[in-house]
1. What is the number of the single condition among (1) farther than 23 Å from Lys332 by Cα; (2) in contact with a helix residue (DSSP H, G or I) (Cβ under 6 Å, 6 or more places away or on another chain) that Ser265 does not meet?
2. Given the conditions (1) open to solvent by 30 Å² or more (accessible area, probe 1.4 Å); (2) closer than 30 Å to Lys257 by Cβ; (3) more than 23 Å from the chain's Cα centre (by Cα), and given that Asn219 satisfies all but one, which numbered condition is not satisfied?
3. Spot the failing condition for Gly60; the list is (1) within 24 Å of Asn116 (Cα to Cα); (2) under 17 Å from the mean Cα position of the chain (by Cα), and only one is missed.
4. Name the residues in region 123-157 that are charged (D, E, K, R), open to solvent by 30 Å² or more (accessible area, probe 1.4 Å) and either over 11 Å from Val169 (Cα atoms) or modelled with pLDDT under 95 (or both), would you?
5. I'd like to verify a number: residues in region 233-244 that are open to solvent by less than 10 Å² (accessible area, probe 1.4 Å) and either of a type in the set (S, T, N, Q) or in a loop (DSSP other than H, G, I, E, B) (or both), how many?
6. How do the strands (runs of 3 or more DSSP E) wholly within region 251-312 filter down when requiring 2 or more residues that are within 16 Å of the chain's Cα centre (by Cα), within 19 Å of Asp201 (Cα to Cα) and modelled with pLDDT of 95 or more: which remain?
7. Within region 76-108, which residues are open to solvent by 20 Å² or more (accessible area, probe 1.4 Å) and among the hydroxyl-bearing types (Ser, Thr, Tyr)?
8. Restricting attention to helices (runs of 4 or more DSSP H) lying wholly within region 62-165, give those where 2 or more residues are in contact (Cβ under 8 Å) with a residue 40 or more places away in the chain and among the hydrophobic types (A, V, I, L, M, F, W, C).
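The values are calculated or read from the model by the stated rules, or taken from the named source; none is laboratory data. Computed from a predicted model, the values in this text were never measured in an experiment. Glycine also receives a Cβ, built like all others from the backbone with ideal geometry; neighbour counts cover every protein chain displayed. SASA here: full protein model, heavy atoms, side chains in, ligands and nucleic acids out. Shrake-Rupley method; radii C 1.70, N 1.55, O 1.52, S 1.80 Å.
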Amino acid sequence: MKICFITGSRAEFDLLKILYLELEKDNFFKTKLLVTGAHLSKYFGKTLNYIKKQNIKVDGVINISIKNDDIKNISNSFSLGVKKFSLIFEKIKPDAILILGDRYEIFASAISACFNKIPIIHLHGGERTEGLIDESIRHSITKMSHLHFVSTNEYKKRVIQLGENKKNVFNVGSLGVEAINKVNIIKKKVLQKKLNLNFKDKIVLISYHPETLEKSNNNKNFNKFLKALKNLKDFTLVFTMPNADIGYKNITKGISKFVLENKNSILVKSLGHEQYFSLCRHIDLMIGNSSSGIIEIPSFKKPSINVGIRQKGRARAMSVIDSSHETKELLKKINFCLTKKFRSKIVNIRNPYYKKNTSKNIKNILKKIEFKKLILKKFIDLKK
């Protein structure tokens with residue numbers, strides 16, 4: 001069975017990689033990998049090279065020309081993706097494509113597959129992110145997809161609510177959470193050398209992205225966010241790059257300026273799974289609006305502060321604390337998360353996104369599916 005994996009970003013590739021390798025070693029499958037989006041951009045660290053260094057064959061590169069962060073350019077990239085994916089699908093002729101999440105380049109591949117009558121396997125459907133345009137994209141991909149691997153029972157119910165056949169919806173947990181147990185954690189001293197940074201007593205990981213449905217307040221909110229971080233003089237602050245969403249350039253400029261003015265901080269373009277999860281093991285706190293703070297950080301028994309509305313609606317563990325962008329409130333929440341009382345409270349938390357053997361379970365389910373029968377979909381109405 002020929003399954004074509006599609007990746008468009010550094011974060012999502014490391015999630016897919018576990019499943020890709022699981023299927024690759026099974027003779028039942030013939031795996032293909034198409035690389036697109038931010039992987040090809042120097043601005044985002046050209047992580048196509050990161051993929052190649054892992055001896056994973058890239059079967060196709062779809063350059064959708066990510067040059068700017070405004071609606072006009074992103075719309076152009078999206079339309080290019082629809083066209084180019086159709087051409088490469090015609091050449092590869094996959095039995096199915098496998099995609100994760102909700103980004104616009106992934107949406108483009110789903111539309112192309114739909115037009116080409118190729119079954120779509122979708123991971124992480126049914127999730128809510130009310131501050132993002134990705135919410136609409138994710139649910140649209142769900143309606144075009146034929147097989148759904150979701151990360152919690154809540155999301156399974158939502159996919160079924162969207163009219164999908166419950167026989168084709170499986171709660172398998174998160175590949176990202178599974179990956180934590182497969183990574184060799186780098187020791188703190190070694191990690192310091194790799195990042196060229198001397199860690200202070202407290203380490204904070206910061207991952208902040210645009211709120212794409214809050215266009216008018218994005219810059220104002222981000223400035224309040226940075227104002228709070230300026231108070232953390234005795235902390236080591238490690239920033240990751242924002243996603244290639246509408247408005248990412250202003251955020252990157254703001255972070256770069258902050259790092260120049262605050263010597264206790266650093267901006268890393270691409271950490272990769274090993275360094276990222278090693279850093280997560282050593283941090284005292286994560287702050288920002290990334291899904292990682294909600295899905296993966298709880299597995300490290302570390303607190304995370306979810307800022308703003310970007311991730312509003314996601315299921316979360318009690319280690320995740322919500323905050324507005326207001327400087328005073330954010331500082332108050334930071335102090336609260338670092339108290340012994342709160343930290344002792346989250347030592348035994350359960351991550352709602354964890355399920356054992358996620359990638360193996362997906363593989364075993366795929367082997368039982370008759371994909372030729374999936375194309376003709378019926379909308380399943382909920383019983384009253």
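1. Answer for Ser265: the failing condition is (1).
2. Only one criterion in (1) open to solvent by 30 Å² or more (accessible area, probe 1.4 Å); (2) closer than 30 Å to Lys257 by Cβ; (3) more than 23 Å from the chain's Cα centre (by Cα) is unmet by Asn219, namely (3).
3. (2)
4. Within region 123-157, Arg128, Glu130, Glu135, Lys143, Glu154 meet the criteria.
5. Counting residues in region 233-244 that are open to solvent by less than 10 Å² (accessible area, probe 1.4 Å) and either of a type in the set (S, T, N, Q) or in a loop (DSSP other than H, G, I, E, B) (or both) gives 4.
6. It comes to 285-288.
7. Answer for region 76-108, where residues must be open to solvent by 20 Å² or more (accessible area, probe 1.4 Å) and among the hydroxyl-bearing types (Ser, Thr, Tyr): Ser79, Ser86, Tyr104.
8. 71-92, 104-115
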